[in-house]
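See structure below.
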Amino acid sequence: MKKFFLLSIAVMSILILVACGKSDDAKKSEGGKKEAIKIGALYPKTGPLALLGTESLRGAQVAVDEVNAKGGIDGQKIDLITTDAGDPNAATSEATRLITKEKIDLLIGSFSSSISLPASEVAERQGALFVEFGAVADAVTERGYQSILRVNPRSSDGLIIQLEFMEKVIAEQLKKELKDVRIAMVYEDSAFGTTGAEIFLSVAKKRGFNIVSEQPYSATSNDLSSIIIKLKESKPELVLATSYIADAILLTNQAEELGYKMPILLGGGGGHPLKDYEKAVGPLAQGVFSTVLPEYQLNKDFTEGLQEYIDAYKKKFGTEPQSGHSMANYVGMKVLIEAITNAKSKEPKKVREAAMKLDIPKGKTANGWGVKFDEKTGQNTRSDIYITQWIDKELLTVYPKDVAVQEMIWMK
Amino acid sequence: MLLLQTLIAGLLLGGMYALISMGLNMILGVVRIINFAHGEFLMIAMYLSYLFFIWGNLDPYVSAILIVIILFFIGALTQKLLIEPIIDKPAPTKIFATLGLSIALQNLALMVFDANYLSVKTSYQTSVVTLFNLSISVPRLLAFVVAILVVIALYYFLQKTMVGRAIRAVSMQRTAAHLMGINVKRIYMVAFGIGTALVGVAGSMLLPIYSVFPTVGASFVLIAFVVVVLGGMGNMFGAFYGGLIIGVVESFAGVLISPGVKEIVYFIIFLLVLLIKPAGLFSKGKGSEEVGL
């Protein structure tokens, strides 16, 4: 009994001392180091989105390091408070916690529209600012909110480039009009795949495309042989696939297993442009096209700061960047930092105002994007999706011409 | 021709499902516990196979022998350390225990290996055997053959060996077996160990075909439960046939209807079986469907 009493007194005193110590630090903020600017980062670090969620966050971290090395914004260092927003519920609770408890009004994220949508809802209600660097669903900037800014392009923007590519490049290669090309659609059936498919199908209807087969499937399927069997039957000349990585690998491997020679394959982002895809399917990746957020093999004349970014990433993380997502976040973070610098304030309204005044032409950022936000929606109107192709184990940008490093190749 | 190819694809797929489910069948039928971490044991087996390949240059089919042994011990330890202490506790405790284990293992894998999709490259991976215009993938064929061998081996083990018969006795009537002098606790350990070792075989067979990543178990474990209940708990052959049935149904549903509804079709069949013959299609009859929760 006596021991217990002494022990609890000891524990309580330690706790009290620690608490005092912390509040002393807080009081020291006048005359000494300037207070850091806290920015909350909401990314999926665990769960099925973890791979690219972590990759996205890394880009933002490289940008923060770069600015802090030069002394921060006006002498104030940036403190990136990272949280794990692995699913919509976590996104909502983390956003609420950061804004109400940690008193952070500037948030960044998120790679996934399923996280961006709830997090920006919270920001709108609480008067904070959420800047999105990677999620593509159009809905994110279509709610008329003042709380959201998005640097990266939307799905519909990607569609425009994709159609251009299909018309000017693929149809030409096949020596046909685009509406005579036999097109097959294969897509995973969650929001990612179905939104893209729906949008494409409505365009296809209007322009009279020849869709010979349309096959949605579950991304967690263990077997996609039925898809290959049906493709064999419908004989498309162009396959549009929207897949995550495991299913992209499975589709390619099972096509080989079932003796089906895949025609021109255009992947809609997701798994096809990832390094892990090429590592898994090896020579079968040759010739596969993807629509992507800008990747690394870009025309150096159009991408100021590209090599510096790649070097900084390698130095900090010890590997090559996994995908273009980190670079999109790097560029986006630098845009936010510039807005805060120009606003001379971290208040959401002032930062948004300063962001609206930014006018950077294309070709002046590490991935070739420009910056000009739409006043009403908060969407950056100068960011683009590019088309890449796997050529000899490298993911090379082949379209649009400004950013291409090489001509595309065509498989026999 | 199209249908024949679909049938073959379905059977090969079913062979893999059977391989994964037989381990679960053993655990569910003998220890009578729902092992939510079954998928994670599969993941561990795949990661181990991957490591043996990267570090020791061992072909997955060769390292399978090592993996079976390692997983046996992992299973036995799980039984001894996690399940045994709570065997008489209420149902939610046991559910939380294996569910917690599942989450812990997934995140442990995430910490150790990162979220990357890892795969091995072997020379025969995409080899195909072609018969009369039908394509049969070699790794899948091997997995199917191994599944058959496993069923046969299990049959002999359970029928002809002392330990095997003790396992069957415990699964039929735990108390009577105890009274007969069988060390039930040890049999539980052996059964759990064997169940986990079986999923180790599955993991080795799967790695040449699928990539491994922390949540790979989740995509297979649900199907394993369906197969086990469909085939009848306590019946090894039931799990084998159940796996084949699910594989074929999934394959045909994908081709004849749409890939998007594959899972719906076999889940509907699953529900029907539960309503009409809840002990499973090949079960030993009423009573064996009661899992000791």
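Some observations on this one:
- Shape call, the protein assembly as shown: gyration tensor on alpha carbons, a/c limit 1.5: oblate
- Check: the range B:2-290 dipole with +1 on Lys, Arg Cβ and -1 on Asp, Glu Cβ, in debye: 760
- When you filter the trypsin sites (Lys or Arg not before Pro) in the range A:77-166 for DSSP loop state and at most 15 other Cβ atoms inside 10 Å of their Cβ, you are left with A:Lys101, A:Lys103, A:Arg143.
- Peptide B:111-119 has a mean shielding of 6, counted as Cβ atoms of other protein chains within 10 Å of each residue's Cβ.
- Leaving ligands and nucleic acids aside, the A/B contact buries around 2700 square angstrom of accessible area in total at a 1.4 Å probe radius.
- Placing pseudo-labels 7 Å out from each Cα toward the beta carbon at A:Lys179 and A:Lys376 gives an inter-label distance of 3.1 nm.
- Shielding value for B:255-263 is 6, the average number of Cβ atoms from other chains within 10 Å of each residue's Cβ.
- In chain A, the convex hull through the Cα atoms has an average projected area of 24.5 nm², a quarter of its surface area.
- Taking the centroid of alpha carbons for each part, the range A:55-70 and the range A:252-268 are 38 Å apart.
- Nearest 10 degrees, 0 to 90: helix B:162-172 Cα axis against chain B principal axis: 80
- Length added when fully stretched, A:Glu304-A:Met12, from 0.36 nm per residue minus Cα-Cα: 99.5 nm
- If R0 is taken as 30 Å, the Cβ-Cβ distance between B:Leu99 and A:Glu164 corresponds to a FRET efficiency of 0.05.
- Centroid-to-centroid separation of the range B:97-111 and the range B:201-265 [C-alpha atoms, Å]: 22
- Value of [θ]222 nm, deg cm²/dmol, for chain A, DSSP H segments ≥ 4, -39500 (n - 2.57) each, nearest 500: -13500 deg cm²/dmol
- Between B:Ala64, B:Ala153, B:Ala76, the Gaussian network model of chain B with springs among Cα atoms under 10 angstrom shows the greatest mean-square fluctuation at B:Ala153.
- Of the residues A:Asp79, A:Asp301, ranked by 1.4 Å probe accessible area with the largest first, the sequence reads A:Asp301, A:Asp79.
- Between helix B:38-56 and chain B: long-axis angle, C-alpha atoms, 0 to 90°, nearest 10: 60
- Spin-label pair B:Glu84/A:Met411, simplified geometry with 7 Å Cα→Cβ offset, distance in nm: 5.4
- Across the options A:Thr291, A:Ala343, A:Ala191, the greatest Cα extent toward the positive end of the charge dipole of chain A (unit charges at beta carbon of Lys, Arg, Asp, Glu) belongs to A:Ala343.
- Pairs exceeding 23 Å between alpha-carbon atoms, taken from A:Lys334/A:Lys362; A:Lys314/A:Lys393; A:Lys315/A:Lys362; A:Lys334/A:Lys357: A:Lys315/A:Lys362.
- On Cα atoms only, tilt of A:306-317 relative to the major axis of chain A in degrees: 60
- Taking label points 7 Å from Cα along the Cα-to-Cβ direction, B:Phe132 and A:Asp392 give a separation of 4.6 nm.
- DSSP beta bridge pairing in chain A, given as percent antiparallel to the nearest 5: 25
- Trypsin sites (Lys or Arg not before Pro) within the range B:58-154, DSSP loop, no more than 14 other Cβ atoms inside 10 Å: B:Lys121
- Bins of 5 Å, starting at 0 and running to the largest distance - Cα pair percent for the range B:2-290: 1, 6, 12, 16, 19, 18, 14, 9, 4, 2, 1, 0
- When A:Asp276, A:Asp65 are compared by accessible surface with a 1.4 Å probe, the order from highest to lowest is A:Asp65, A:Asp276.
- Listed residue pairs exceeding 28 Å between alpha carbons, taken from A:Lys70/A:Lys316; A:Lys101/A:Lys364; A:Lys168/A:Lys364; A:Lys45/A:Lys103: A:Lys101/A:Lys364
- Simple rule: put +1 on each Lys or Arg Cβ and -1 on each Asp or Glu Cβ in the range B:2-290, find the dipole, and look at B:Ile223, B:Ile74, B:Gly238; the Cα lying farthest toward the positive end is B:Gly238.
- For the range A:333-411, applying the loop criterion from DSSP together with a ceiling of 16 other beta carbons within 10 Å to the GluC sites (Glu not before Pro) yields A:Glu375, A:Glu407.
- Gyration tensor (alpha-carbon) shape descriptor, the range A:123-259, a/c threshold 1.5: oblate
- Counting protein heavy atoms only, the protein assembly as shown has 63 percent of its accessible area on carbon and sulfur, 1.4 angstrom probe.
- Computed accessible area, B:Met180, all protein chains, 1.4 angstrom probe, square angstrom: 150
- Cα-based reach from A:Lys230 at 18 Å (exclusive), listing lysines while leaving out same-chain residues under 8 positions away: A:Lys261, B:Lys262
The values are calculated or read from the model by the stated rules, or taken from the named source; none is laboratory data. Source: prediction; values computed, not measured. As a convention, Cβ positions derive from the backbone with ideal geometry for all residues, glycine included, and neighbour counts pool all protein chains shown. SASA here: full protein model, heavy atoms, side chains in, ligands and nucleic acids out. Shrake-Rupley method; radii C 1.70, N 1.55, O 1.52, S 1.80 Å.
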